[in-house]
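Data block below; observations after.
The values are calculated or read from the model by the stated rules, or taken from the named source; none is laboratory data. Model, not experiment: these values are computed from the prediction. Cβ placement follows ideal geometry from the backbone for every residue including glycine, while neighbour counts extend to all protein chains displayed. Surface areas here come from the heavy atoms of the whole protein model, side chains and all, with no ligands, DNA or RNA. Shrake-Rupley method; radii C 1.70, N 1.55, O 1.52, S 1.80 Å.
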Amino acid sequence: MAERKAVLVVSFGTTYRETLEKNIAAIESAVAAAMPERVLRRAFTSGMVIVRLKKRDGLVVDTVAEALDKLEREGFTDVVVQPTHIMNGDEYDKLRAQAAPFAGRMRLRFGAPLLTALEDYRALCQVLMEALPAPEAGEALVFMGHGTGHFANAAYAKLDYMLRDLGWDAFVGTVEGYPTLEEVLHRLEERPDLRRVRLYPLMIVAGDHAQNDMAGDGEDSWKSRLERAGYGVRCHVAGLGELPGVRAMFAAHALAAAEA
Ligand code: CO
């Protein structure tokens, strides 16, 4: 009997259905298209998102363990697990821990998160610089990453340095890590020529953080705080998964894992 092969694409998940389709489903399709010999499956790492989707929409999404358990029972013997996580942080650790018990029971390989090797940072910078309009004179791009207490948080500062080294007036901040908007505001103050800001989420989906913490009208949103600091602000509420170049990066990581 031929070996049954699958690719399991694992996301944090989102309860925003439109961004789920535009970003998570779009990445899944790109990964599946790159490996047509494999059956595509989906899992989320956020238990909270899984519970809410089921309760509110009746949409059932597996955890990593559930998805692998099903694949094993269906006779799949070769599985590539491709996260859509941006970095090697808590959600990726969780994925690896949930998958670990299956390692001896099937051929199991893991694709890397978006920002893993140095080349990934260069590739993401290139994707962003090709897909987004370059900052005009007097304008800065500010990206909102999620951020984490995990040591992988250093990824944001690395990307922040690289974007400016490549010649863009661009800054990266985070909601829950470092740098925060506070540090971004300091960087902007050092450049009095910059008077306008374009805000983008540096997240795979444009969920709660992007729509409320970044672009919301509440007084603590990044948009409101930047406006109070005197900047003209424009917000672009779209997940990174909407960029074909980002989808291609995930597909390439999955292929590299399959061929390893
Ligand atoms: Co969050």
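Just a few scattered comments:
- Test for ARG247: is it in contact (Cβ under 8 Å) with a residue 60 or more places away in the chain, more than 16 Å from the ligand (Cβ to nearest atom), within 30 Å of ARG109 (Cβ to Cβ) and of a type in the set (Lys, Arg): yes
- Taking the criterion of being farther than 20 Å from GLY245 by Cα and in contact with a Leu (Cβ under 9 Å, 6 or more places away or on another chain), the residues of region 9-30 that qualify are GLY13, THR14, THR15, ARG17.
This table checks each residue for (1) basic (Lys, Arg); (2) over 17 Å from the mean Cα position of the chain (by Cα).
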residue: ALA112; (1), (2): no, no
residue: THR116; (1), (2): no, no
residue: ARG122; (1), (2): yes, no
residue: GLN126; (1), (2): no, no
residue: PRO135; (1), (2): no, yes
residue: LEU141; (1), (2): no, yes
residue: GLY145; (1), (2): no, no
residue: THR148; (1), (2): no, no
residue: ARG164; (1), (2): yes, yes
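- Test result for ASP220, within 16 Å of the ligand (Cβ to nearest atom), among the acidic types (Asp, Glu) and part of a helix (DSSP H, G or I): no
- Residue ID - surrounded by the most Cβ atoms within 10 Å (Cβ to Cβ), chosen from residues in region 218-233 that are charged (D, E, K, R) and in contact with an Asp or Glu (Cβ under 9 Å, 6 or more places away or on another chain): LYS223
- Within region 181-190, the residues that satisfy the criterion of being within 24 Å of the chain's Cα centre (by Cα) and either among the acidic types (Asp, Glu) or within 14 Å of the ligand (Cβ to nearest atom) (or both) are GLU182, GLU183.
- Number of the exception - LEU108 against (1) assigned to a helix (DSSP H, G or I); (2) more than 16 Å from the ligand (Cβ to nearest atom); (3) in contact with a helix residue (DSSP H, G or I) (Cβ under 9 Å, 6 or more places away or on another chain): (1)
- When region 89-105 is filtered for residues that are crowded, with 16+ Cβ neighbours inside 10 Å and either at pLDDT below 95 or assigned to a strand (DSSP E or B) (or both), nothing remains.
- Whichever residue in region 128-152 is within 16 Å of the ligand (Cβ to nearest atom) and open to solvent by 20 Å² or more (accessible area, probe 1.4 Å) and, among such residues, is farthest from SER224 (Cα to Cα): HIS150
- Look at (1) away from the ligand (no atom under 16 Å from the Cβ); (2) touching a helix residue (DSSP H, G or I) at 6+ places or on another chain (Cβ under 9 Å); (3) open to solvent by 10 Å² or more (accessible area, probe 1.4 Å) and you find that PRO113 fails only one, number (3).
- Where helices (runs of 4 or more DSSP H) fall entirely within region 1-88, those with at least 2 residues that are open to solvent by 30 Å² or more (accessible area, probe 1.4 Å) and among the aliphatic types (A, V, I, L, M) are at 26-34, 47-57.
- Note on region 155-180: among residues that are surrounded by fewer than 21 Cβ atoms within 10 Å (Cβ to Cβ) and within 16 Å of the ligand (Cβ to nearest atom), the one that is farthest from MET87 (Cα to Cα) is THR180.
- In region 191-214, of all residues being of a type outside the set (Val, Ile, Thr), within 12 Å of the ligand (Cβ to nearest atom) and in a loop (DSSP other than H, G, I, E, B), the one that is modelled with the highest pLDDT corresponds to MET203.
- Count - residues of region 223-240 that are more than 16 Å from the ligand (Cβ to nearest atom) and touching a residue at least 24 places away in the same chain (Cβ under 8 Å): 12
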